[in-house]
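Participant: Here it is, the structure in full.
Only the coordinates and a few stated rules stand behind these numbers; no lab work does. Note that the coordinates shown come from a computational prediction; the quantities given were computed from them, not determined experimentally. Cβ coordinates were reconstructed from backbone atoms using ideal geometry, including for glycine residues, and neighbour counts include every protein chain displayed.
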Amino acid sequence: MDDLRVEKRDDIESTYREHGKRLWWALLAYTGDREVANDAMAEAFAQALRAERGIRSPADWVWRVAFRIASAELKRRGRIAAPVDRPYEIDDRVSSLLSHLAKLSPRQRSAIVLYYYAGYTTKEIASMTGSSGATVAVHLHRGRRRLRELLEDGDE
Amino acid sequence: MSSLQRHLRDIERVPPPNLWPEIESIEARPLLPEPRGRQLITAGVALVVVLAGVLIPLGLLRLQGSGHGLSSGDDNVILIAVVSQSMAPTLSAGDAAEVDTDAYRNASPSRGDIIVFHDPKYPGIEFIKRVIGLPGDTVDIREGSVFVNGQRVDEPYVSPVLDRHSFPATLVDPGRLFVLGDNRTDSNDSRFTLGQIAEDQVIGQVVGVRFGAASAASSPPPPAAVNSPSVTNSSGA
């Protein structure tokens, strides 16, 4: 392996160390499905490693690619996340959060997760999801209203 | 921190997996595992350049060494007439392409394969294009250079590129293929109205070409092509 490749690998690996957990949690919140989150994240990082040219901002790149892969997978499965009947242990607060999120549309969910959890701006989210800032703002607005209703109902 | 943010942080109660070993093992798989088509067509183009003069009189250039002969016994291989320039220089109008209709019975198309397919938008027409992106791939074109999943695709089969157009990064949908004609300046393909094509509309893989065989006896068509559909690559859009 030449130096350039080693350097790139270190770069991607440190991006993984720094962003891996947060990205995985965001993908889990978005998809409601551990397997989809695992696959999307692993594939996004693997693609980053394979990329021939250096990626200018590996963190933004893997976030974007992972969300796109997850979105395609959700479409392929033809359903939104259904976090009930998980075959694995998950605590009550998480499962209620996931079931609330599952009631949003996928686009509302990605907007909510990327904005409120990951801290991206609407403009950045638009570029990540191939949408416009105005559209993202609408999804964000509707998703936020719906999620607040659900959370308030749940608290009572 | 808003209550929404606080609620979303609950997700962090789920222990995250360590995916790095898996990532490294995926990365180790080559992006382009020298798919049959790519090797063969690459070899084919080299042969065209070097040996065309010798082989054209024979009327046949085999792109695949073995297994797909054009003998009469090989009834899964059909001949189709190429009627446009969109796959030039690999295939030109007037050539006859040998199409293996069994190629994808137990396998999926690979990147680099030349395929023949239908598209519901253009009923009754068969297309010939090259597979560039598979489901889940991200394809983009930067000033004429094709990138799949961020990696530049080596395309020896494309003529010295005159086409410097770009195409935005596009995720190939499940069950779809991103296809391009080798003749980038004169091909309606996944960049244009053809869009991503459905995998289940693929008829077969081009495994050989008989140069000029379709025009040699242009009217009437050569006997070999009588039972075969003609192929258009629908130049332009």
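Participant: Return the long-range amide H neighbours of B:Ser187 (sequence gap of 5 or more, or a different chain), with a cut-off of under 5 Å between placed amide H atoms.
Facilitator: Residues meeting the amide H criterion: B:Gly236.
Participant: A further question on this structure: Evaluate the charge dipole of region A:3-155 about its Cα centre and quote only its size in Debye, nearest 20, assuming +1 on the Cβ of each Lys and Arg and -1 on the Cβ of each Asp and Glu.
Facilitator: Rounded to the nearest 20 debye, it is 660 debye.
Participant: Follow-up. What's the exposure ranking of B:Met87, A:Met128, going from fewest to most Cβ atoms within 10 Å?
Facilitator: The fewest-first ordering by Cβ neighbours comes to A:Met128, B:Met87.
Participant: Can you give the mean number of other chain Cβ atoms that lie within 10 Å of the Cβ atoms in peptide A:37-50?
Facilitator: Going residue by residue through A:37-50 and averaging, the value is 6.
Participant: Here's another thing I want to ask about it. What is the order of A:Glu152, B:Glu126, fewest Cβ neighbours within 10 Å to most?
Facilitator: A:Glu152, B:Glu126
Participant: Taking a point 7 angstrom from the Cα of A:Arg142 along the C-beta vector, which residues in region A:94-110 have backbone N less than 18 Å away?
Facilitator: Zone members listed by number: A:100-110.
Participant: Could you tell me the distance between the Cα centroids of region B:123-146 and region B:71-111, to the nearest Å?
Facilitator: Region B:123-146 and region B:71-111 have Cα centres spaced 17 Å from each other.
Participant: Taking neighbour Cβ counts within 10 Å as the exposure measure, how do A:Ser95, A:Ser71 sort from fewest upward?
Facilitator: Least to most surrounded, the residues fall as A:Ser95, A:Ser71.
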